[in-house]
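Asker: Sharing a structure, written as structure tokens. Questions coming.
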Amino acid sequence: MADFGASIAALESIIEQRAKAGDAEASYVAKLLHKGTLKIAQKLGEEAVETALAAAAQPREKVAEEAADLMFHLLVLLKSLDMSSADVAAVLESRHGTSGLDEKASRRPS
């Protein structure tokens with residue numbers, strides 16, 4: 001069985017390498033980063049919809065494929081904001097021991 005954390009760390013490393021190389025002709029990561037955060041956010045939204053639709057009507061393998069695309073684009077978005085999965089993990093860890101309902105109720109309205 002694959003280790004999710006190790007897979008995310010390896011993917012982040014690849015994203016970092018491709019970002020540093022910056023060759024938008026040879027790298028999808030570099031191409032996305034060159035287009036900017038707004039375009040990456042749009043792509044992330046598309047992938048989220050595709051994941052949700054797959055979950056509603058597709059076999060598990062298709063859901064896993066779409067979820068992988070979603071995670072990839074989330075990591076690229078985080079990179080574009082000079083963030084990483086560690087930033088997200090810190091928030092998740094800060095919520096340990098708190099009911100999901102309580103945590104949601106404590107958020108400020110956007």
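Asker: What are the residues in segment 4-27 that are exposed (fewer than 13 other Cβ atoms within 10 Å of the Cβ) and under 15 Å from the mean Cα position of the chain (by Cα), if any?
Answerer: Correct list: Phe4, Gly5, Ala6, Ser7, Ala10, Ser13.
Asker: Moving to a separate point now. Which of the helices (runs of 4 or more DSSP H) found entirely inside segment 13-101 contain at least 3 residues meeting this: in contact (Cβ under 8 Å) with a residue 12 or more places away in the chain?
Answerer: 28-35, 37-57, 60-80
Where a number appears in this text, it was derived from the coordinates with a stated rule and is not lab data. Worth saying up front: this structure is predicted, and the values here are computed from it rather than measured. Backbone-built Cβ (ideal geometry, glycine too); neighbour counts: all protein chains shown.
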